[in-house]
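Have a look at the structure below before the remarks.
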Amino acid sequence: MEINRRQFLKWLTIAPAVSSSFSLAAKAEDNQAIIDGQALYASASQGDDGLYYIHVVNSEGHELMRHPVPDRAHQVISHPTRPWILGIARRPGTFIEIVDYQILTLVKRVESEPGYHLYGHAQVTDDGRYIITTENNIATDEGMVIVRDIEDDFAVVKRFRTQGIGPHQVILSRDQKTLVVANGGIRTEGREKTNLDTMKPSLVYLDAHSGALLEQAFLADEYHQCSIRHIDLSAQGQVIIAMQYQGHPADQVPIMASHRRGEPLRPLEIPPALQSQLDQYCGSACFDQSGLYAAVSAPRGDQVMIWDMMDYTLIGTVKTKDGCGLARTHKTGEFIVSTGRGRLYHVDVAGLERKAIRFDATPVHWDNHLFPVIA
(Lines give C-alpha, C1' and ligand atoms only; values in the text may rest on other atoms or scores of the structure.)
Protein backbone atom coordinates (compact mmCIF):
# COMPACT_ATOMS: atom_id res chain seq x y z
CA MET A 1 0.00 0.00 0.00
CA GLU A 2 2.98 2.33 0.32
CA ILE A 3 3.10 3.18 -3.38
CA ASN A 4 -0.66 3.67 -3.56
CA ARG A 5 -0.63 6.05 -0.59
CA ARG A 6 2.21 8.08 -2.10
CA GLN A 7 0.40 8.34 -5.44
CA PHE A 8 -2.87 9.28 -3.76
CA LEU A 9 -1.28 12.05 -1.70
CA LYS A 10 0.43 13.41 -4.80
CA TRP A 11 -2.90 13.42 -6.64
CA LEU A 12 -4.54 15.39 -3.81
CA THR A 13 -1.73 17.94 -3.96
CA ILE A 14 -1.84 18.64 -7.68
CA ALA A 15 -5.45 17.84 -8.60
CA PRO A 16 -6.56 21.49 -8.69
CA ALA A 17 -3.77 22.39 -11.13
CA VAL A 18 -4.52 19.43 -13.33
CA SER A 19 -8.24 20.23 -13.37
CA SER A 20 -7.47 23.81 -14.37
CA SER A 21 -5.16 22.64 -17.14
CA PHE A 22 -7.85 20.46 -18.64
CA SER A 23 -10.46 23.20 -18.51
CA LEU A 24 -8.11 25.47 -20.45
CA ALA A 25 -7.15 22.77 -22.95
CA ALA A 26 -10.41 21.04 -23.83
CA LYS A 27 -10.26 18.95 -26.96
CA ALA A 28 -12.60 16.82 -29.02
CA GLU A 29 -11.01 13.62 -27.72
CA ASP A 30 -12.35 14.45 -24.25
CA ASN A 31 -15.84 13.73 -25.64
CA GLN A 32 -15.54 9.98 -25.85
CA ALA A 33 -18.35 8.23 -27.69
CA ILE A 34 -20.78 6.43 -25.40
CA ILE A 35 -23.45 3.92 -26.45
CA ASP A 36 -25.69 2.33 -23.83
CA GLY A 37 -23.42 3.69 -21.13
CA GLN A 38 -20.27 2.10 -22.54
CA ALA A 39 -17.26 3.91 -24.00
CA LEU A 40 -16.17 2.88 -27.50
CA TYR A 41 -12.71 1.90 -28.72
CA ALA A 42 -11.23 1.24 -32.18
CA SER A 43 -8.50 -1.12 -33.31
CA ALA A 44 -7.26 -3.24 -36.19
CA SER A 45 -6.86 -6.98 -36.22
CA GLN A 46 -6.16 -10.15 -38.14
CA GLY A 47 -8.87 -12.75 -37.84
CA ASP A 48 -8.44 -16.48 -37.49
CA ASP A 49 -9.58 -16.57 -41.12
CA GLY A 50 -6.34 -14.79 -42.12
CA LEU A 51 -8.17 -11.63 -43.21
CA TYR A 52 -7.59 -8.12 -41.85
CA TYR A 53 -10.23 -5.97 -40.16
CA ILE A 54 -10.91 -2.71 -38.38
CA HIS A 55 -13.24 -2.75 -35.38
CA VAL A 56 -15.29 -0.78 -32.92
CA VAL A 57 -15.82 -2.43 -29.52
CA ASN A 58 -17.18 -1.10 -26.26
CA SER A 59 -15.57 -1.17 -22.83
CA GLU A 60 -17.35 -4.41 -21.97
CA GLY A 61 -15.96 -6.21 -25.02
CA HIS A 62 -19.08 -6.07 -27.21
CA GLU A 63 -18.26 -5.74 -30.92
CA LEU A 64 -20.22 -3.03 -32.69
CA MET A 65 -18.41 -3.12 -36.01
CA ARG A 66 -16.04 -5.42 -37.91
CA HIS A 67 -15.06 -4.18 -41.36
CA PRO A 68 -12.65 -6.01 -43.71
CA VAL A 69 -9.70 -4.05 -45.12
CA PRO A 70 -7.50 -4.96 -48.10
CA ASP A 71 -4.33 -5.40 -46.05
CA ARG A 72 -3.02 -4.92 -42.54
CA ALA A 73 -4.00 -1.67 -40.83
CA HIS A 74 -1.96 -0.14 -38.00
CA GLN A 75 -3.70 2.75 -36.23
CA VAL A 76 -7.47 3.15 -36.22
CA ILE A 77 -8.83 6.55 -35.25
CA SER A 78 -12.21 8.26 -35.29
CA HIS A 79 -13.61 11.42 -36.79
CA PRO A 80 -14.53 14.05 -34.15
CA THR A 81 -17.84 15.17 -35.69
CA ARG A 82 -19.05 12.24 -37.79
CA PRO A 83 -19.55 8.55 -36.92
CA TRP A 84 -16.51 7.55 -38.96
CA ILE A 85 -13.64 5.20 -38.22
CA LEU A 86 -10.39 5.61 -40.18
CA GLY A 87 -8.06 2.63 -40.57
CA ILE A 88 -4.52 3.59 -41.65
CA ALA A 89 -2.47 1.08 -43.64
CA ARG A 90 0.67 -0.31 -42.07
CA ARG A 91 3.95 0.73 -43.73
CA PRO A 92 4.39 0.54 -46.72
CA GLY A 93 0.65 0.43 -47.37
CA THR A 94 -1.25 3.12 -49.25
CA PHE A 95 -4.89 3.10 -48.05
CA ILE A 96 -6.97 4.98 -45.51
CA GLU A 97 -10.24 3.08 -45.02
CA ILE A 98 -13.08 5.31 -43.81
CA VAL A 99 -16.18 3.54 -42.48
CA ASP A 100 -19.40 4.80 -40.90
CA TYR A 101 -19.64 2.65 -37.77
CA GLN A 102 -23.31 3.48 -37.16
CA ILE A 103 -24.66 2.30 -40.51
CA LEU A 104 -21.73 -0.07 -41.24
CA THR A 105 -20.91 1.26 -44.70
CA LEU A 106 -17.73 2.25 -46.47
CA VAL A 107 -17.50 6.03 -46.81
CA LYS A 108 -14.30 6.21 -48.84
CA ARG A 109 -11.06 4.39 -49.47
CA VAL A 110 -8.41 7.09 -49.82
CA GLU A 111 -5.15 6.13 -51.57
CA SER A 112 -1.83 7.87 -51.06
CA GLU A 113 -0.43 9.73 -54.06
CA PRO A 114 1.82 7.88 -56.53
CA GLY A 115 5.36 7.80 -55.14
CA TYR A 116 4.22 7.93 -51.51
CA HIS A 117 3.34 5.38 -48.86
CA LEU A 118 1.85 5.63 -45.39
CA TYR A 119 3.45 4.86 -42.02
CA GLY A 120 0.28 3.70 -40.31
CA HIS A 121 -0.64 6.83 -38.34
CA ALA A 122 -2.93 9.83 -38.77
CA GLN A 123 -4.84 12.58 -36.96
CA VAL A 124 -8.03 14.45 -37.78
CA THR A 125 -8.33 18.12 -36.86
CA ASP A 126 -10.86 18.91 -34.15
CA ASP A 127 -13.14 20.70 -36.61
CA GLY A 128 -13.31 17.49 -38.65
CA ARG A 129 -12.04 19.18 -41.81
CA TYR A 130 -8.56 17.71 -42.39
CA ILE A 131 -6.80 14.35 -42.19
CA ILE A 132 -3.09 14.54 -41.35
CA THR A 133 -0.83 11.58 -42.14
CA THR A 134 2.87 10.73 -41.97
CA GLU A 135 4.16 9.44 -45.31
CA ASN A 136 7.32 8.62 -47.21
CA ASN A 137 8.40 10.34 -50.41
CA ILE A 138 9.82 7.21 -52.01
CA ALA A 139 11.99 9.02 -54.55
CA THR A 140 13.78 11.21 -51.98
CA ASP A 141 13.32 9.17 -48.76
CA GLU A 142 12.07 12.35 -47.09
CA GLY A 143 9.56 12.03 -44.30
CA MET A 144 6.43 14.01 -45.07
CA VAL A 145 3.29 15.23 -43.35
CA ILE A 146 0.39 15.18 -45.81
CA VAL A 147 -2.81 17.15 -45.19
CA ARG A 148 -6.05 16.19 -46.96
CA ASP A 149 -9.24 18.23 -47.10
CA ILE A 150 -12.23 16.04 -46.33
CA GLU A 151 -14.64 18.63 -47.75
CA ASP A 152 -12.75 18.66 -51.06
CA ASP A 153 -13.09 14.91 -51.68
CA PHE A 154 -9.97 14.24 -49.55
CA ALA A 155 -7.68 16.19 -51.89
CA VAL A 156 -4.11 16.81 -50.74
CA VAL A 157 -3.84 20.49 -49.81
CA LYS A 158 -0.52 20.68 -47.94
CA ARG A 159 2.79 18.82 -47.74
CA PHE A 160 5.36 19.40 -44.98
CA ARG A 161 8.81 17.87 -44.52
CA THR A 162 9.17 16.20 -41.12
CA GLN A 163 12.88 17.09 -40.98
CA GLY A 164 13.79 13.42 -40.76
CA ILE A 165 13.48 9.93 -42.20
CA GLY A 166 10.82 7.36 -41.38
CA PRO A 167 8.19 9.46 -39.58
CA HIS A 168 5.83 7.30 -37.61
CA GLN A 169 3.24 8.58 -35.15
CA VAL A 170 1.93 12.14 -35.40
CA ILE A 171 0.01 13.98 -32.65
CA LEU A 172 -1.87 17.26 -33.00
CA SER A 173 -1.63 19.53 -29.97
CA ARG A 174 -4.77 20.43 -28.06
CA ASP A 175 -4.69 24.00 -29.34
CA GLN A 176 -4.40 22.64 -32.92
CA LYS A 177 -1.32 24.79 -33.55
CA THR A 178 1.47 22.22 -33.34
CA LEU A 179 2.20 18.81 -34.84
CA VAL A 180 4.43 16.50 -32.81
CA VAL A 181 6.10 13.91 -35.04
CA ALA A 182 8.18 10.85 -34.15
CA ASN A 183 10.89 10.54 -36.81
CA GLY A 184 11.96 6.91 -36.51
CA GLY A 185 15.12 7.55 -38.50
CA ILE A 186 14.95 4.32 -40.49
CA ARG A 187 15.13 4.32 -44.29
CA THR A 188 13.24 1.38 -45.74
CA GLU A 189 12.60 -0.42 -49.00
CA GLY A 190 9.30 -2.14 -48.42
CA ARG A 191 9.84 -3.69 -44.99
CA GLU A 192 13.64 -3.88 -45.29
CA LYS A 193 15.71 -1.44 -43.19
CA THR A 194 18.64 -0.03 -45.14
CA ASN A 195 20.42 2.59 -43.00
CA LEU A 196 20.79 1.21 -39.48
CA ASP A 197 24.41 2.37 -39.20
CA THR A 198 23.57 5.99 -39.99
CA MET A 199 20.01 6.42 -38.71
CA LYS A 200 19.23 9.61 -36.74
CA PRO A 201 15.81 9.59 -35.06
CA SER A 202 14.27 12.74 -33.64
CA LEU A 203 11.19 14.20 -32.02
CA VAL A 204 9.94 17.16 -34.04
CA TYR A 205 7.48 20.00 -33.40
CA LEU A 206 6.06 21.61 -36.54
CA ASP A 207 3.74 24.55 -37.04
CA ALA A 208 0.46 22.84 -37.98
CA HIS A 209 -0.45 25.50 -40.53
CA SER A 210 2.83 26.32 -42.24
CA GLY A 211 4.94 23.23 -41.53
CA ALA A 212 7.74 25.41 -40.13
CA LEU A 213 10.13 23.65 -37.78
CA LEU A 214 9.54 24.86 -34.21
CA GLU A 215 11.80 22.48 -32.31
CA GLN A 216 13.72 19.24 -32.87
CA ALA A 217 15.12 17.00 -30.15
CA PHE A 218 17.70 14.25 -30.64
CA LEU A 219 19.02 11.50 -28.43
CA ALA A 220 22.73 11.40 -27.59
CA ASP A 221 24.82 10.17 -30.52
CA GLU A 222 25.52 6.79 -28.90
CA TYR A 223 21.78 6.12 -28.92
CA HIS A 224 21.24 6.93 -32.60
CA GLN A 225 19.84 3.42 -33.21
CA CYS A 226 17.00 3.95 -30.73
CA SER A 227 14.16 4.48 -33.16
CA ILE A 228 11.53 6.92 -31.89
CA ARG A 229 8.27 5.30 -32.95
CA HIS A 230 5.21 5.84 -30.78
CA ILE A 231 4.28 8.86 -28.71
CA ASP A 232 1.49 10.41 -26.70
CA LEU A 233 0.97 14.00 -25.61
CA SER A 234 -0.57 15.01 -22.29
CA ALA A 235 -2.78 18.03 -21.72
CA GLN A 236 0.18 19.58 -19.89
CA GLY A 237 2.41 19.35 -22.99
CA GLN A 238 4.53 16.38 -21.90
CA VAL A 239 5.42 13.70 -24.47
CA ILE A 240 5.90 10.03 -23.62
CA ILE A 241 8.04 8.12 -26.15
CA ALA A 242 8.26 4.40 -26.92
CA MET A 243 11.35 3.31 -28.86
CA GLN A 244 12.66 0.25 -30.66
CA TYR A 245 16.42 -0.36 -30.57
CA GLN A 246 18.04 -1.48 -33.82
CA GLY A 247 21.48 -2.42 -32.43
CA HIS A 248 22.88 -5.36 -30.47
CA PRO A 249 20.34 -7.07 -28.18
CA ALA A 250 22.70 -6.89 -25.18
CA ASP A 251 23.42 -3.13 -25.40
CA GLN A 252 22.30 -1.01 -22.45
CA VAL A 253 20.30 1.74 -24.14
CA PRO A 254 17.10 3.65 -23.40
CA ILE A 255 13.91 2.38 -25.01
CA MET A 256 11.59 4.92 -23.35
CA ALA A 257 11.89 8.67 -22.95
CA SER A 258 9.97 11.81 -22.10
CA HIS A 259 10.13 15.34 -23.47
CA ARG A 260 8.92 18.86 -22.78
CA ARG A 261 9.40 21.81 -25.11
CA GLY A 262 12.68 23.63 -24.54
CA GLU A 263 14.29 20.70 -22.70
CA PRO A 264 16.47 17.78 -23.87
CA LEU A 265 14.99 14.34 -24.37
CA ARG A 266 14.92 12.55 -21.03
CA PRO A 267 15.45 8.75 -21.13
CA LEU A 268 13.38 6.81 -18.59
CA GLU A 269 15.39 4.42 -16.43
CA ILE A 270 14.22 0.82 -16.50
CA PRO A 271 15.67 -1.61 -13.95
CA PRO A 272 18.27 -3.76 -15.79
CA ALA A 273 16.59 -7.03 -14.78
CA LEU A 274 13.35 -5.83 -16.37
CA GLN A 275 14.94 -4.32 -19.46
CA SER A 276 16.70 -7.61 -20.22
CA GLN A 277 13.25 -9.18 -20.68
CA LEU A 278 11.92 -6.60 -23.16
CA ASP A 279 13.91 -7.52 -26.30
CA GLN A 280 14.81 -3.83 -26.85
CA TYR A 281 11.26 -3.17 -28.07
CA CYS A 282 8.42 -0.98 -26.85
CA GLY A 283 5.06 -1.02 -28.60
CA SER A 284 2.62 1.73 -27.62
CA ALA A 285 2.67 4.69 -25.25
CA CYS A 286 -0.34 6.30 -23.60
CA PHE A 287 -1.09 8.88 -20.92
CA ASP A 288 -4.04 8.35 -18.62
CA GLN A 289 -6.79 10.97 -18.64
CA SER A 290 -5.08 13.04 -15.93
CA GLY A 291 -1.64 13.16 -17.52
CA LEU A 292 -0.10 12.02 -14.23
CA TYR A 293 0.57 8.46 -15.36
CA ALA A 294 1.66 6.78 -18.56
CA ALA A 295 1.58 3.20 -19.75
CA VAL A 296 4.15 1.79 -22.16
CA SER A 297 3.75 -1.68 -23.62
CA ALA A 298 6.54 -4.13 -24.38
CA PRO A 299 4.79 -6.96 -26.24
CA ARG A 300 7.91 -9.05 -26.84
CA GLY A 301 8.54 -9.04 -23.11
CA ASP A 302 4.87 -9.58 -22.20
CA GLN A 303 4.86 -6.48 -19.99
CA VAL A 304 2.89 -3.26 -19.63
CA MET A 305 4.88 -0.70 -17.62
CA ILE A 306 3.15 2.00 -15.59
CA TRP A 307 5.05 5.24 -14.99
CA ASP A 308 4.63 8.17 -12.63
CA MET A 309 5.25 11.04 -15.06
CA MET A 310 5.61 13.66 -12.35
CA ASP A 311 8.87 12.20 -11.06
CA TYR A 312 9.70 9.81 -13.93
CA THR A 313 9.62 6.66 -11.83
CA LEU A 314 8.43 3.20 -12.73
CA ILE A 315 5.50 2.33 -10.48
CA GLY A 316 5.37 -1.27 -11.61
CA THR A 317 4.47 -3.68 -14.38
CA VAL A 318 1.52 -5.81 -15.34
CA LYS A 319 2.40 -9.06 -17.08
CA THR A 320 0.33 -9.33 -20.25
CA LYS A 321 1.10 -11.85 -23.00
CA ASP A 322 1.79 -9.96 -26.24
CA GLY A 323 0.05 -6.88 -24.85
CA CYS A 324 0.59 -3.86 -27.10
CA GLY A 325 -2.48 -1.67 -27.70
CA LEU A 326 -3.16 0.95 -25.02
CA ALA A 327 -6.04 3.36 -24.50
CA ARG A 328 -6.94 5.67 -21.64
CA THR A 329 -10.32 5.48 -19.99
CA HIS A 330 -12.23 8.31 -18.27
CA LYS A 331 -10.74 7.26 -14.91
CA THR A 332 -7.45 8.52 -13.52
CA GLY A 333 -4.81 5.80 -13.61
CA GLU A 334 -6.80 3.37 -15.75
CA PHE A 335 -6.02 1.94 -19.19
CA ILE A 336 -7.40 -0.69 -21.55
CA VAL A 337 -4.87 -3.09 -23.05
CA SER A 338 -5.31 -5.19 -26.20
CA THR A 339 -3.11 -8.15 -27.10
CA GLY A 340 -1.96 -10.05 -30.15
CA ARG A 341 -3.61 -13.11 -28.60
CA GLY A 342 -7.03 -11.49 -28.85
CA ARG A 343 -7.43 -10.45 -25.22
CA LEU A 344 -8.69 -7.18 -23.74
CA TYR A 345 -7.98 -6.02 -20.18
CA HIS A 346 -8.60 -3.16 -17.81
CA VAL A 347 -5.35 -2.19 -16.04
CA ASP A 348 -5.17 0.30 -13.17
CA VAL A 349 -2.34 2.08 -11.40
CA ALA A 350 -3.68 1.62 -7.88
CA GLY A 351 -3.47 -2.15 -7.78
CA LEU A 352 -1.26 -2.91 -10.79
CA GLU A 353 -3.84 -5.51 -11.66
CA ARG A 354 -5.50 -6.52 -14.88
CA LYS A 355 -9.16 -7.39 -15.23
CA ALA A 356 -10.21 -9.40 -18.26
CA ILE A 357 -12.81 -7.98 -20.65
CA ARG A 358 -14.69 -10.75 -22.41
CA PHE A 359 -14.70 -10.16 -26.18
CA ASP A 360 -18.07 -11.46 -27.38
CA ALA A 361 -17.32 -12.03 -31.09
CA THR A 362 -15.30 -14.38 -33.29
CA PRO A 363 -11.70 -14.35 -32.01
CA VAL A 364 -9.12 -12.04 -33.59
CA HIS A 365 -5.49 -11.07 -33.05
CA TRP A 366 -5.43 -7.39 -32.12
CA ASP A 367 -2.90 -5.21 -33.91
CA ASN A 368 -0.50 -2.79 -32.18
CA HIS A 369 -2.88 0.01 -31.22
CA LEU A 370 -6.15 0.77 -29.46
CA PHE A 371 -7.77 4.24 -29.39
CA PRO A 372 -10.89 5.78 -27.84
CA VAL A 373 -13.65 6.64 -30.28
CA ILE A 374 -14.62 10.29 -29.98
CA ALA A 375 -17.94 11.90 -30.79
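Structure summary
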item	result
Cα gyration tensor category, rounded, prolate or oblate, for segment 225-375 with a/c compared to 1.5	oblate
Cβ-defined net charge surrounding Arg300, 12 Å radius [Lys, Arg +1; Asp, Glu -1]	-2
Note, ³J(HN,Hα) from phi for segment 266-283, Karplus 6.51, -1.76, 1.60, rounded to Hz, x at Gly and Pro	10, x, 9, 8, 9, x, x, 4, 6, 4, 5, 8, 8, 6, 6, 9, 10, x
Difference of contour (0.36 nm per residue) and Cα-Cα distance, Gln102 to Asp48	17.0 nm
Cut-off of 10 Å, at most 14 other beta carbons, DSSP loop: longest stretch of the chain lacking such GluC sites (Glu not before Pro)	61-268
Out-of-range pairs (alpha-carbon distance over 31 Å; input Lys108/Lys177; Lys158/Lys200; Lys158/Lys321; Lys177/Lys331; Lys193/Lys321)	Lys158/Lys321
The chain, relative contact order in percent, only Cα pairs under 8 angstrom and at least six apart counted	14 percent
Computed [θ] at 222 nm, helices only, for the chain once each DSSP H run of length n ≥ 4 contributes -39500 (n - 2.57)	-2500 deg cm²/dmol
Asp221, Asp322, reordered so the largest accessible area comes first (probe 1.4 Å)	Asp221, Asp322
Per-residue HN-Hα couplings for segment 47-56 [Karplus 6.51, -1.76, 1.60; θ = phi - 60°; Hz; x = Gly/Pro]	x, 5, 7, x, 8, 9, 9, 10, 9, 10
Potential lengthening between Ala273 and Arg109 on full extension [0.36 nm per residue; Cα-Cα distance subtracted]	54.5 nm
Accessible carbon and sulfur surface of segment 160-228 relative to its total accessible area, %, 1.4 Å	46 percent
Accessible surface, segment 141-298, averaged per residue in Å² (probe 1.4 Å)	38 Å²
Environment charge of Ile35, counting only residues whose C-beta is closer than 13 Å and scoring Lys/Arg +1, Asp/Glu -1	-3
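The values are calculated or read from the model by the stated rules, or taken from the named source; none is laboratory data. Predicted model only: the values in this text are computed from it and were never measured. We place every Cβ from the backbone using ideal geometry, glycine too, and count neighbours over all the protein chains shown. For the accessible areas, the whole protein counts, side chains as well, though only heavy atoms, and no ligand, DNA or RNA atoms are used. Shrake-Rupley method; radii C 1.70, N 1.55, O 1.52, S 1.80 Å.
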